[in-house]
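Worksheet: the structure to be examined is printed underneath.
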Amino acid sequence: MPTIIQTAFLAEALLNTPGIIASIIFPSATLDLLLVPTIPSSFNPSSILLTRALGVMFLALTPPLLLAYPNTPDAAGKRRIVYWILGLGEGGLVPLLLWEAFRASDEEKVTGIGVGAGGWSRTAALMGVACLLPLLLWRIYVFTAQPSWFLGVSSRGTGKKIT
């Protein structure tokens, strides 16, 4: 039976899949959800490329979750590294998205409509925070309150915990 940490690794990998597919294959649809509506609703090639690049980064960060899933002799080390890398990314993105949500664009100063200066709607930026903050808090919790969850079980089935 999978442990709590194994379930978390697998769930996160599976939940990344729709975003990866959408960002790489349907970048315009992804941008339509994030950006403030414009007329006409077309995106420049740089925006499309950066959206696809973000999808590729998610794609690159998902296999380590799956590689750290099985109980192997080096599972604890893999799991810590994966959580550090993902936590650092989330720790950078959460304040960036909060900044984006609350810095006013010139348009907002005139109209009062919630538009971040970077083009993301305030709602999209806050939804990004709402998605990332629980993951970041979970990682902090595991590192500080439940570090034993990183431990694996020996491959010989003795039940001996490996550090």
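The values are calculated or read from the model by the stated rules, or taken from the named source; none is laboratory data. Bear in mind that the values here come from a model prediction, so they are computed numbers and not experimental data. Cβ sites come from the backbone with ideal geometry, for glycine too, and all protein chains shown count toward neighbours. Each accessible area value is taken on the protein alone, full model and side chains, heavy atoms only, with ligands, DNA and RNA left out. Shrake-Rupley method; radii C 1.70, N 1.55, O 1.52, S 1.80 Å.
Within region 45-66, track down each residue that is in contact with a Ser or Thr (Cβ under 6 Å, 6 or more places away or on another chain), within 10 Å of ILE20 (Cβ to Cβ) and not small (Gly, Ala, Ser). Steps first, please.
Looking only at region 45-66, we keep the residues that are in contact with a Ser or Thr (Cβ under 6 Å, 6 or more places away or on another chain), and these are 51, 54-55.
Now restrict to residues that are within 10 Å of ILE20 (Cβ to Cβ): 54-55.
Hit for region 45-66 is LEU54, nothing else.
I'm trying to understand the selection: among the residues of region 55-85, which are under 28 Å from LEU151 (Cβ atoms), open to solvent by less than 20 Å² (accessible area, probe 1.4 Å) and either part of a helix (DSSP H, G or I) or of a type outside the set (Gly, Ala, Ser) (or both)? If you could, list the steps in order and put the result at the bottom.
Of region 55-85, the ones under 28 Å from LEU151 (Cβ atoms) are 58, 60-85.
Filter again for open to solvent by less than 20 Å² (accessible area, probe 1.4 Å), leaving 62, 65, 68, 75-76, 79, 82-83.
Across region 55-85, the qualifying residues are THR62, LEU65, ALA75, ALA76, ARG79, VAL82, TYR83.
For PHE43, all conditions in the list (1) exposed (fewer than 15 other Cβ atoms within 10 Å of the Cβ); (2) in contact with a strand residue (DSSP E or B) (Cβ under 9 Å, 6 or more places away or on another chain); (3) not aliphatic (A, V, I, L, M) hold save one; what is the number of the exception?
Only one criterion is unmet by PHE43, namely (1).
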